[in-house]
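K.L.:
Just dropping this structure here.
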Amino acid sequence: MQSVIVKQVQMAEAALASGNQPMAEGLLRQMLTKSPVPARVYELLAYIADGQGDSVTCVHWLRQSLTCADASAQACYALGTLLLAEGQYTEAVSALRAALDRAGEIFEILHELGIALSRSGQCMDAVACFDRAIALAPDAAIAYFNKARALEELGRTGQAMASYEQAATMAPAFAEAWSNWGVLQHQAGRHEAAMVCYDKALAARPDCVDAWVNRGTLLGDLKRYDEALAAYQQAFSLNPETPSLPGFIAFVKRTLCDWDGLVELTASVMDSATGKSYPFPLLSLTTSRERLLASTHAYVTERFPTPASQPLWPVKESSRPLRIAYLSSDFREHAVSFLTAGIYEHHDRARFEIVGVGLATAATDLMRSRVITACDRFVDLASLDREQAVAALRALELDIAVDLNGHTDGNRTELFAARIAPIQVNYLGFPGTMGASFIDYLIGDTVLIPPNHRDGYSEKIAYLPHCFQANDDKRVIGDPRSRRDHGLPEDGFVFCSFCNSYKLGPELFSVWLELLREIPSSVLWLLRSSDSQMARLRARAEAEGVASERLVFANHLPYDRHLARYRHADLALDTMPFGGGTTTSDALWVGTPVLTLLGETFAGRMSASLLLALGQRELVVDSLPTYLARALDLARSPERLAKIKAAMARQRADAPLFDTARFTRHLEAAYLAMAERQRLGLAPDHLHIAAGG
């Protein structure tokens, strides 16, 4: 009987060799009724299906072949590569391991197995597999490249960088290796080296989309926005479906105040916003909390998968103070530290131990020194990869970890995804939801996030009684100098907005120009981001009948001098849909009124929260026409404006907004409430902290 089957298999093979597929398939299907069916029958049927372009049937027959003891290494390998291409990584690993068992150490099998292991989340095993492949083929650049990708997933950036370097230098035309190496150079702050990598990638392959995108991101960080836009647009012309790219283009166009086609581009971005777009650019593009949450959640789910198992946390000793870690890449002269430095100093050391965790290399300026001094201990993780950083943080036995970055530059979200503390909190750095299951709480208030807005947030909200935002009451205001020193006229009303230019759009700018038309001798004082931004805004002003010299542009200054120049502004104008946070706080601290339009999102309600905590309800309006009317009324009523400023001066000393010690007590009460729920074994829930509590 067996000899008959063997003969039929040989006849089928001969038919295939002669091009007679129907005859071969007929012979093979006859053998399916026999028992046992040789693996070779299934393999030949798979071969026929593959030749017909029927991958589903091909996989079916290969799976059948693997149920046979005599399945060949080639069949196992073929099934593994097909499953890998289809994203069925776990089954691909099993098939490729079977191939390896049958064939022994073969480069191609080890390499594909490494890829399958990496994509199934088994990155440590993947690295070992790639090392075995490299031992067989030391000049295989592709193996070094894929090993580097697995090392990146493990957070071993130093080793990944070395492996990308080997791949790129071994194969100078390997554009993806140069591009990925450049990303790690960029993340390490080596901007010149990163640019060299991107240039090498594009010289090797001018149509390398990732290299164009990465080059654009670097140029944006270097504030070379025109070049960044050109790089992004080149990437878009090559592949319009590149994830996050339309959002990056819209963000840079807004930064440049290049509003041509922005309405259509924004609609396109938001229509695809659930497609895993990077969250930060979306804050300037939409008023929809639901879309922001959906997009952010999709992005986080793809980028930061949560581990299957969670660590077991040691039981906290009842006598030990609550150990709070603040994690940030911005412990330096930066808005986050300008606001929070006072918190670290005011924490009650009898009840709290404060750990500062630096996430990025930074020069030791006065602010960084102040933060380090204010913390009970300071840990610098800038040089540690993910595994090392997670181990170091877990060893601290933290009770609460506070993410001061969120979805902003320099974040280490992967550390929170791995769980470094039993309670993890999103605070201040990113004005919106993290969209992540591994972040338990977000610090807010009832103006910022009314109860009927909670459906736009993945976190439970810890409601503070007055305002969500910390405000340091030690901010030093420098010498304001004269109006002339700032390029301002000696007389005339000064409207100002020192928000970043990506927060400004054409509709709001037209309202500001209407203010200039209605208020003679007034000027609009803006923050300069680039020569292109200034030129476009001046051209827009002329087109709408306003002399371009009535726009005055301010350069970036040291923080004390920046605060001081607010003395020369009569009324600060908030932006929409992404308003001011630190910018509004700065103006109010100096005593400059800020007019805001209450928005629908976290980013659009920050100024309202600050103003209401200072008792300035009349500076919060609910529509753009009312915004225009209120600004005109204030500019035409010096007595009314003077009363507001006098009230603000009184309230600065008495209102809770700038009482850093009181704010810290409320924040501590929120931390204690979180910890108590965790101690009782209760899941996180919305918390309401009482004033004075």
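K.L.:
With all distinct Cα pairs included, what does the Kirkwood hydrodynamic radius of the stretch 180-329 come out to in Å, to one decimal, could you say?
P.N.:
17.6 Å
K.L.:
Moving to a separate point now. Roughly speaking, what is the centre-to-centre gap between the stretch 102-144 and the stretch 324-343 when only Cα atoms are used, to the nearest Å?
P.N.:
Comparing the Cα centres of the stretch 102-144 and the stretch 324-343, I get a distance of 43 Å.
K.L.:
Can I ask one more? With θ set to phi - 60° and the Karplus curve 6.51 cos²θ - 1.76 cosθ + 1.60, what are the ³J(HN,Hα) couplings of the stretch 578-583 in order, to the nearest whole Hz, using x for Gly and Pro?
P.N.:
Each residue's phi maps through the Karplus curve to give 10, x, x, x, 4, 4 Hz.
K.L.:
Moving to a separate point now. Give the angle, between 0 and 90 degrees and rounded to the nearest 10, that separates the Cα long axis of helix 386-395 from the longest principal axis of the Cα atoms of the chain.
P.N.:
Tilt of helix 386-395: around 60 degrees.
K.L.:
Using only C-alpha atoms and all pairs of different ones, pull out the Kirkwood radius for the stretch 392-515 in Å with one decimal.
P.N.:
Evaluated on the stretch 392-515, it is 18.2 Å.
K.L.:
Give the relative contact order (percent, whole number) for the chain; include only Cα pairs under 8 Å separated by 6+ residues.
P.N.:
Once normalised by length, the contact order is 9 percent.
K.L.:
Here's something else I'd like to know. Give me a comma-separated list of calculated 3J(HN,Hα) values for the stretch 324-339, in order, Karplus coefficients 6.51, -1.76, 1.60 applied at θ = phi - 60°, integers in Hz, x for any Gly or Pro.
P.N.:
10, 10, 9, 10, 7, 8, 10, 7, 6, 5, 8, 3, 4, 6, 4, 7
K.L.:
Follow-up. What number do you get for the stretch 484-658 when its Cα radius of gyration is normalised by 2.2 N^0.38 Å, N = residues?
P.N.:
Against the empirical 2.2 N^0.38 Å value, I get 0.96 for the stretch 484-658.
K.L.:
Taking only the alpha-carbon positions of the chain and ignoring solvent, what does the Debye formula give for the base-10 log of I(q)/I(0) at q = 0.08 Å⁻¹?
P.N.:
-0.72
K.L.:
Ok, one more. Between beta-carbons, use under 13 Å as the cut-off and find the net charge around Leu154, counting Lys and Arg +1, Asp and Glu -1.
P.N.:
Result for the local shell: -2.
K.L.:
Under a Cβ-Cβ cut-off of 14 Å, what is the net charge of the residues other than Gly581 that fall near it, where Lys and Arg count +1 and Asp and Glu count -1?
P.N.:
Once positives and negatives cancel, what remains is -3.
K.L.:
Report ³J(HN,Hα) in whole Hz for each residue of the stretch 224-233, in order, from the Karplus equation J = 6.51 cos²θ - 1.76 cosθ + 1.60 where θ = phi - 60°; Gly and Pro get x.
P.N.:
These are the phi-based 3J(HN,Hα) values: 9, 5, 4, 5, 4, 4, 4, 5, 4, 5 Hz.
K.L.:
Label the stretch 71-130 by shape, choosing from rounded, prolate and oblate, from the square roots a ≥ b ≥ c of the eigenvalues of the Cα gyration tensor; if a/c is under 1.5 it is rounded, and otherwise prolate applies when a/b is larger than b/c, oblate when it is not.
P.N.:
Taking the square roots of the gyration eigenvalues as a ≥ b ≥ c, the stretch 71-130 is oblate.
K.L.:
Quick one: Debye curve from the C-alpha atoms of the stretch 1-159, no solvent, what's log10 I(q)/I(0) at q = 0.08, 0.17, 0.18, 0.21 Å⁻¹?
P.N.:
Taking Cα atoms of the stretch 1-159 as identical point scatterers yields -0.29, -0.93, -1.00, -1.20.
K.L.:
Report the percentage of all Cα-Cα pairs in the stretch 322-463 whose separation exceeds 23 Å, rounded to a whole percent.
P.N.:
Roughly 32 percent, once rounded to a whole number.
K.L.:
Here is the link list: Lys474/Lys643; Lys460/Lys645; Lys316/Lys460; Lys253/Lys474. Which ones come out longer than 28 Å on Cα distance?
P.N.:
Where the Cα-Cα span goes over 28 Å, the pairs concerned are Lys460/Lys645; Lys253/Lys474.
K.L.:
At what distance in angstrom do the alpha carbon centres of the stretch 578-599 and the stretch 491-570 lie from each other?
P.N.:
15 Å
K.L.:
Measuring from centroid to centroid over Cα atoms, what is the spacing of the stretch 25-79 and the stretch 609-676 in Å?
P.N.:
74 Å
K.L.:
Moving on. Which residues' amide hydrogens lie under 5 Å from the amide hydrogen of Asp380, considering only partners 5 or more residues apart or on another chain, with H built in the peptide plane?
P.N.:
For Asp380, whose amide H was placed from the backbone, the distant partners under 5 Å are Gly358.
K.L.:
If we count every other residue with Cβ under 10 angstrom of Gly492's Cβ, Lys/Arg +1 and Asp/Glu -1, where does the sum land?
P.N.:
Spelling it out: positives minus negatives among the neighbours equals -1.
Values quoted throughout were computed directly from the atomic coordinates according to the rules given, and no laboratory measurement underlies them. Note that the structure is a prediction, hence the values are computed from the model and not measured. Glycine gets a Cβ as well: all are built from the backbone with ideal geometry, and neighbour counts include every protein chain shown.
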